[in-house]
1. Considering only residues that are of a type in the set (A, V, I, L, M) and within 20 Å of the chain's Cα centre (by Cα), which ones fall in the stretch 25-63?
2. Suppose we keep only residues that are exposed (fewer than 14 other Cβ atoms within 10 Å of the Cβ) and aromatic (Phe, Trp, Tyr) within the stretch 1-60. Which one would you say is farthest from Ala73 (Cα to Cα)?
3. Here is a check on your reading of the model: is Phe25 among the aromatic types (Phe, Trp, Tyr), in contact with a Leu (Cβ under 8 Å, 6 or more places away or on another chain) and within 20 Å of Gly12 (Cα to Cα)?
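Bear in mind that the values in this text are calculations on the coordinates, not laboratory data. This is a predicted model, so every value here is computed, not measured. Here the Cβ positions follow ideal geometry from the backbone for every residue, glycine too, while neighbour counts run over all protein chains shown.
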Amino acid sequence: MFVLGVLWIIDGVLQLQPASFTAMFADAILAPNLQGQPAVITPIIDYGVQFFNTNPLVVNLAATVVQLFIGFALVLPLAIVLTLFLIPLLMKPKPTGAADSPFISKAGSKSAGNRR
């Protein structure tokens with residue numbers, strides 16, 4: 001399992017190559033897999049190529065995250081994997097109020113005694 005995880009991590013890192021973020025990647029690498037596939041599989045692969053071409057950047061980043069997640073899940077204990085991937089996604093920055101904004105002057109507010 002460890003070796004498979006390492007290979008999956010390598011695959012995820014290789015997915016980050018600049019050529020993978022272009023529509024040419026889907027046409028040159030994914031589309032040729034349509035040839036010789038059973039009739040049941042062909043529409044699935046064709047949909048994948050079309051889906052990738054809609055937004056190669058987002059789809060490739062999502063594929064990279066999934067590959068790295070699977071690789072780390074095979075290499076590391078589950079608790080560490082959840083910490084690395086899920087907790088940063090769940091943590092959101094705290095919203096600041098308008099009063100905390102450096103672009104709004106407090107001198108013009110009613111509480112500053114500047115009434116008309």
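1. Listed by number, the residues that qualify are Ala26, Leu30, Val49, Leu57, Val58, Val59, Leu61, Ala62, Ala63.
2. Tyr47
3. no
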